[in-house]
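These notes concern the structure reproduced below.
The values are calculated or read from the model by the stated rules, or taken from the named source; none is laboratory data. Keep in mind that what you see is a predicted model, and the values were worked out from it rather than measured. FYI the Cβ positions are ideal-geometry reconstructions off the backbone, even for glycines, and counts take in every protein chain you see.
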């Protein structure tokens, strides 16, 4: 698999993602937000960080980067696209995923490990999980997922909710931590699976997500 890790000004989890992908022997490349072609890549990863300093809203400026048109084309081609934390925010701002990421219910930056439920184990991103309960790190100030009731009902109906918080750390609607688009090829999630792949760090619950992506 060839994977692109998109670098926006202010990305700070790009090297974490590169390290994780290379641990799984993925041919991963850092790609500037100014590029306009992603046709050579099988999967696209939008990492966490503070794109463009999180001015206006998190992801609101990054959505206008030249690379985002190529990301939309990758979506149309059915390629796997993963947005983690700030990447999730960018995907919602760009309209590739429904809903909005807002300021945490209790304002402030959360850095912790949280217990989560794998609510849909039948996606391209979760199918290798053998347990419904996992723990992943979170690090965000604007991680509260919000959508109106009609959108939530649609997400539930189409089984697009992949992860939920067992303890809702940020006030997200319906405890949502990660969702896919309706086609199932785009995933956005606030927790950081790329920071939970090595036993030396005390947590490997992120490994199954990458294994799921590679399990063709």
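In the condition set (1) surrounded by fewer than 20 Cβ atoms within 10 Å (Cβ to Cβ); (2) touching a helix residue (DSSP H, G or I) at 6+ places or on another chain (Cβ under 9 Å); (3) touching a residue at least 60 places away in the same chain (Cβ under 8 Å); (4) more than 23 Å from residue 96 (Cβ to Cβ), residue 135 is compliant with all but (2). Looking at the range 1-98, the strands (runs of 3 or more DSSP E) lying wholly inside it that each contain 3 or more residues that are touching a residue at least 40 places away in the same chain (Cβ under 8 Å) and in contact with a strand residue (DSSP E or B) (Cβ under 9 Å, 6 or more places away or on another chain) sit at 2-7, 43-46, 80-84. Please indicate, with yes or no, whether at least one residue in the range 160-169 is modelled with pLDDT under 95 and farther than 19 Å from residue 43 by Cβ. Checking the range 160-169: at least one residue is modelled with pLDDT under 95 and farther than 19 Å from residue 43 by Cβ. Name the single residue, out of those in the range 108-119 being in contact (Cβ under 8 Å) with a residue 40 or more places away in the chain and surrounded by fewer than 19 Cβ atoms within 10 Å (Cβ to Cβ), that is nearest to residue 208 (Cα to Cα). Within the range 108-119, the match that is nearest to residue 208 (Cα to Cα) is 117. Quick one: which residue in 14, 40 is closer than 20 Å to residue 78 by Cβ and out of contact with any helix residue (DSSP H, G or I) (no Cβ under 8 Å at 6 or more places or on another chain)? Answer to the check: 40.
In the range 122-137, of all residues being within 17 Å of the chain's Cα centre (by Cα) and not in a loop (DSSP other than H, G, I, E, B), the one that is farthest from residue 211 (Cα to Cα) corresponds to 137. Among the residues of the range 76-102, just one is closer than 10 Å to residue 186 by Cα, within 16 Å of the chain's Cα centre (by Cα) and surrounded by fewer than 20 Cβ atoms within 10 Å (Cβ to Cβ), namely 79. Here residue 105 meets the list (1) in contact (Cβ under 8 Å) with a residue 60 or more places away in the chain; (2) in contact with a helix residue (DSSP H, G or I) (Cβ under 9 Å, 6 or more places away or on another chain); (3) surrounded by fewer than 19 Cβ atoms within 10 Å (Cβ to Cβ) almost entirely, failing just condition (2).
For the range 201-208, the condition holds for at least one residue, the condition being that it is in a helix (DSSP H, G or I), at pLDDT 95 or above and over 15 Å from residue 91 (Cβ atoms).
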